[in-house]
Amino acid sequence: MQMKLTIAGSGSYLPPTTVENRDFTRIVDTSDEWIRSRTGIFRRHFSDGELTVEMGVKAAEKALADAKLAASELDLILVSSVTPDYVTPTVSCLLQGYLGAAQAFALDINVACSGFVYGLDLAARYLQDPSIRHVLLVASEKLSRVTDFTDRSTCVLFGDGAAAVVLTANGPGEELACCLKADGRQAQALTACYPDRNHPFGAAPASLATPPAGKDRMALRFPQATPFIHMDGREVYRFAVGAIEQGIRAVTASAGYQVEQLDWLIPHQANNRILEAAAKRLNLPMDKVYSCLDEIGNTSSSSVGIALDRCRQQGLLQGGQLVAFSGFGGGLTHGTVLLKI
Ligand code: UT7
């Protein structure tokens, strides 16, 4: 289904503390060479006490200024985050209150690294309603909060940061197609759980609390899950390459285009090798695949928004171009949205 969707403004924010690959050699057994060659990451930014919502506010204020829109004109605020500051209130409510967006209702999304792309599609659908004129979509992630800095296989990958876009139906842009998918059967490949605090009356045995996993039933408890990110890197890698390919083929076919007609693919910034493998399968030249991973690391759902904002700032996006956004990650989930901008 085609829906009106124009990016009226964008912004992003990275906290000032920069950590180089070589800094990790002081805390885990790794090397700059391993991290660069296996991922494409050179450095990342870490919050020094800034909250997820505070980073989101900075990105949002830039996006509103870019769109020349007052917060009071917003009708909906969507925030994607796997690292909210509170169980309640939501990041989106805090943002709504801080910005003074009194007319806007506010909703948090958690589909891990796919969140910004899911958010684009949600915004397009809400904007079909004429009473909703402006949507602020924010992604803000403080992954350093859930990173195990003793695990070399994950701690070198992640970074913190935020991005925001102001979206409207009143403009030339369109969402031409989307492909959003979830595969809970692969949930165990990427986990981080809340600390499990029992009430003081004793806990039911695990066997009573959860139906045992069987042939047709997946487990709901993952022995490897801790409050820190645990990832089966190879499984997620395989999933990610397939997800990008499946999503791009689906959205281009559904909108009646060939893959080679894409002007840009703006993907989740997780690993340059994933992007190269997917581009090869799609026969898409790498100069159409935007990457800023070297500077930011993997910032989960913020990464597609940060990449989009950088593309706009660098003047790479022009009206009428075909731009695909692709996210993949925990859940497992993936999502691809095709825009004519
Ligand atoms: O944002 C959510 C989505 N996440 C992703 O898309 C991430 C997907 N996965 C990946 O990007 C890659 O799987 C990783 C970058 C996480 C890992 O790359 P890999 O080529 O799959 O490495 P591997 O896990 O197969 O490990 C290869 C070797 C292992 O040593 P042995 O078993 O071959 O002796 C690891 O122990 O590299 C070792 N290793 C490291 N060595 C130095 C793992 N991490 C490090 C490290 N420094 N930081």
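Only the coordinates and a few stated rules stand behind these numbers; no lab work does. Predicted, not measured: the structure shown is a model, and the values here were computed from it. Glycine gets a Cβ as well: all are built from the backbone with ideal geometry, and neighbour counts include every protein chain shown.
For this structure, a couple of remarks:
- Candidates Ala60, Ala253, Ala164: whichever shows maximal mean-square fluctuation once the chain is modelled as a Gaussian network with Cα springs under 10 Å: Ala253
- Calculated [222 nm] ellipticity per residue, helices only, for the chain: -9000 deg cm²/dmol; basis is -39500 (n - 2.57) per DSSP H run with n ≥ 4, divided by all residues, nearest 500.
- Theoretical FRET efficiency, 1/(1+(r/R0)^6), r = Cβ-Cβ of Ala102 and Gln313, R0 30 Å, to 0.05: 0.50
- Computed over the range 45-103, the P(r) tail beyond 15 angstrom holds 48 percent of alpha carbon pairs.
- Fraction of antiparallel bridges per DSSP, the range 3-172 only, in percent to nearest 5: 65
- The range 234-309 and the range 121-161 have Cα centres spaced 17 Å apart.
- 37 °C / 0.692 mPa s Stokes-Einstein diffusion coefficient of the range 150-189, Kirkwood radius on C-alpha pairs, µm²/s: 214
- Translational D in µm²/s for the range 198-341 (Stokes-Einstein at 10 °C, 1.306 mPa s, Kirkwood Rh from C-alpha pairs): 92
- Largest mean-square fluctuation among Leu167, Leu176, Leu99, in a Gaussian network model of the chain whose springs join Cα atoms under 10 Å apart, belongs to Leu99.
- Cα extents of the range 3-172 along the three principal axes, largest first (Å): 56, 32, 25
- Listed residue pairs exceeding 27 Å between alpha carbons, taken from Lys62/Lys280; Lys4/Lys62; Lys68/Lys288; Lys142/Lys280; Lys68/Lys340: Lys62/Lys280; Lys68/Lys288; Lys142/Lys280
- Measure of compaction for the chain (Cα Rg per 2.2 N^0.38 Å): 0.98
- The region of the chain that goes longest without hitting one of the trypsin sites (Lys or Arg not before Pro) in a DSSP loop, each with at most 13 other Cβ atoms within 10 Å, is 69-196.
- Rounded to 5, percent antiparallel among DSSP beta bridges of the chain: 70
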